[in-house]
Amino acid sequence: MGKAKLISELTNLLAIALRHRIGSIVNKEEIYVQKYAKDALILINEAKKLAIQKNWNFQDKHEIKKQLKLKLQKELEEKTFINNKKFELMDNEIEKVLKEISLN
Amino acid sequence: MPEFIHQISKGSRYNQIYIPKEMEEMFEIGDTIKVILLKKKTFIYYSKNLKLGEFKKNLIKKVFQLLASFPEIKQVFIVGSFLVKKTDYKDIDILIVYNKKINEEKIQDFLTEKITLNFHILAIEEKSFNSLVKICPLTRSTLYYFVSNRKFVLPEESIFDKNHINFLLMMPYDLLKINAGSRTFYDNIRRLTTIQRFLEKKPLNPEEIDAELEKNLGNFLFSLIKNNESIDEKIIKKLRNLIKLKLQTISKLIKWEKQN
């Protein structure tokens, strides 16, 4: 798989993972918050498998961050049932997840 | 100093402790005494259709006694497979309803240290709990069987909350396009079955939900994904088709709920 396609797939997966993670943070009144956080973790682990397939340079990492931010924004806008605090958490959660998969 | 051990009894205005007849002269009107709680009385309340053997009953009593030392805990529920399976349970699920935020990890470690068994603590604030027992299919199914330290009756009437249901449907929708382990498919098909039954106003008995799931998937596939065994593309396609079908049915039921 070429780098461009891999970046696209990786950011698709991470955007969904972060939507779950942010959902689990803002919907704290749920009993199953741990379960939803686990859903996010499952997806992040899938993303890790993609991330280790290539060596990423500074520009690639910049592109990943840019695409992820756009896709996550769209994901969160579509899910109107997640509390609006979700947008405040975006940047911090992006930084955190990229660090987790060594793409910061 | 003279002492006696007695139980507190119910009075018409105040609960009371009687001084034993033979000690009347030692404990006189006007004397100053100190009352210390030696052993907390534990009550056990069961959901309907649930009977437990002595071993499980004593274990639960012990858990309730230990948790009585946390004043921030309002109510404790023992739920999950420990109640209904003979031996096939990994841990003991405890649902804690609290007034003031509790440290779940601390309580889990405390219980594991006192009773060398695995516990899984789910904690929720009283206000949220009171709402979830009406709107959440998963919570209602979890509480189908319970043992509690306080009286509890699951509200018969459930409330349809579209946002809540959509939140629960997020992962099943995602599984149509992303890869995950087979157990994730099991958990989410089970989640869908529970949501569908909730919308159809069917009982949310976990055993009936499992039976329905086994019927949908067949014995072999059911056991394969429940045990998180590896699955090939052909099976993933089959599972995705089942998810799609259930999502379509749920979507119709949601539309119907909105109209009524």
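The values are calculated or read from the model by the stated rules, or taken from the named source; none is laboratory data. Note that the structure is a prediction, hence the values are computed from the model and not measured. Because the Cβ atoms are built from the backbone with ideal geometry, glycine has one as well, and the counts that use them run over all protein chains shown.
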(message) Based on this model, can you work out whether B:Leu247 counts as in a helix (DSSP H, G or I), under 17 Å from B:Pro172 (Cβ atoms) and under 28 Å from the mean Cα position of the chain (by Cα)?
(response) yes
(request) Mind telling me which of the residues A:Glu46, A:Glu95, A:Glu75 ends up being part of a helix (DSSP H, G or I), surrounded by fewer than 17 Cβ atoms within 10 Å (Cβ to Cβ) and of a type outside the set (Phe, Trp, Tyr)? (result) A:Glu95
(request) Among the residues of the stretch B:228-239, write down those that are surrounded by 15 or more Cβ atoms within 10 Å (Cβ to Cβ) and under 29 Å from the mean Cα position of the chain (by Cα). (result) B:Leu239
(request) From (1) surrounded by 15 or more Cβ atoms within 10 Å (Cβ to Cβ); (2) more than 10 Å from chain B (Cβ to nearest Cβ); (3) outside any loop (DSSP other than H, G, I, E, B), pick out the condition that doesn't hold for A:Leu13. (result) (2)
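So, of the residues in the stretch A:43-83 that are without any contact (Cβ under 8 Å) to a residue 24 or more places away in the chain and either within 12 Å of another protein chain (Cβ to nearest Cβ) or touching a Ser or Thr at 6+ places or on another chain (Cβ under 7 Å) (or both), which turns out to be farthest from B:Tyr173 (Cα to Cα)?
A:Lys49
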(request) Could you list all residues from the stretch B:100-157 that are under 14 Å from A:Tyr32 (Cα atoms) and either assigned by TED's automatic domain parsing to the domain that holds B:Leu168 or aromatic (Phe, Trp, Tyr) (or both)? (result) B:Phe129
(request) Filter the stretch B:117-163 for residues that are polar (S, T, N, Q) and under 14 Å from B:Lys201 (Cβ atoms) and give the result. (result) B:Ser141, B:Ser158
(request) Return a yes/no flag: does the stretch B:98-117 have any residue that is without any contact (Cβ under 8 Å) to a residue 24 or more places away in the chain and in contact with a helix residue (DSSP H, G or I) (Cβ under 7 Å, 6 or more places away or on another chain). (result) no
(message) Residue pairs, Cβ under 7 Å, 6 or more apart or interchain, first in the stretch B:172-185 and under 9 Å from A:Leu43 (Cβ atoms), second outside any loop (DSSP other than H, G, I, E, B). List them.
(response) B:Asp174/A:Ile16; B:Ile178/A:Leu13; B:Ile178/A:Ile16; B:Ile178/A:Leu43; B:Ile178/A:Glu46; B:Ala180/A:Ile42; B:Ala180/A:Glu46
(request) Only strands (runs of 3 or more DSSP E) wholly contained in the stretch B:64-183 count here; list those with 1 or more residues that are within 13 Å of chain A (Cβ to nearest Cβ) and not hydrophobic (A, V, I, L, M, F, W, C). (result) B:92-98, B:119-125
(message) Given the options B:Ile250, B:Ile178, B:Ile225, B:Ile165, name the one that is over 26 Å from A:Lys28 (Cβ atoms), of a type in the set (A, V, I, L, M, F, W, C) and surrounded by 15 or more Cβ atoms within 10 Å (Cβ to Cβ).
(response) B:Ile225
(request) Test B:Leu143 against the criterion of being under 20 Å from B:Ser81 (Cα atoms), in contact with a Leu (Cβ under 7 Å, 6 or more places away or on another chain) and modelled with pLDDT of 95 or more, and give yes or no. (result) yes
(message) Pairs needed: first member in the stretch B:228-247, more than 13 Å from B:Ser182 (Cβ to Cβ); second member anywhere, among the charged types (D, E, K, R); C-beta distance under 7 Å; at least 6 residues apart or different chains.
(response) none
(request) Check A:Ile31, A:Ile52, A:Ile22 and return the single one that is surrounded by 16 or more Cβ atoms within 10 Å (Cβ to Cβ), out of contact with any Lys or Arg (no Cβ under 8 Å at 6 or more places or on another chain) and of a type outside the set (D, E, K, R). (result) A:Ile31
(message) Can you find a residue that is of a type outside the set (A, V, I, L, M) and loosely packed, with under 14 Cβ neighbours inside 10 Å anywhere in the stretch B:188-200?
(response) yes
(message) What are the pairs with Cβ atoms under 6 angstrom where one residue, in the stretch B:74-97, is farther than 13 Å from B:Leu52 by Cα and the other, located anywhere, is of a type in the set (Asp, Glu) and outside any strand (DSSP E or B)? Sequence gap at least six, or different chains.
(response) B:Lys74/B:Glu126; B:Val97/B:Glu126
(request) Give me the pairs, please: first residue somewhere in the stretch B:1-26 and loosely packed, with under 10 Cβ neighbours inside 10 Å, second residue anywhere and of a type in the set (A, V, I, L, M, F, W, C), beta-carbon distance under 9 Å, and either six or more positions apart or on two chains. (result) B:Pro2/B:Met23; B:Pro2/B:Met26; B:Pro2/B:Phe27; B:Ile5/B:Leu38; B:Gln7/B:Ile17; B:Ser9/B:Ile17; B:Asn15/B:Ile8
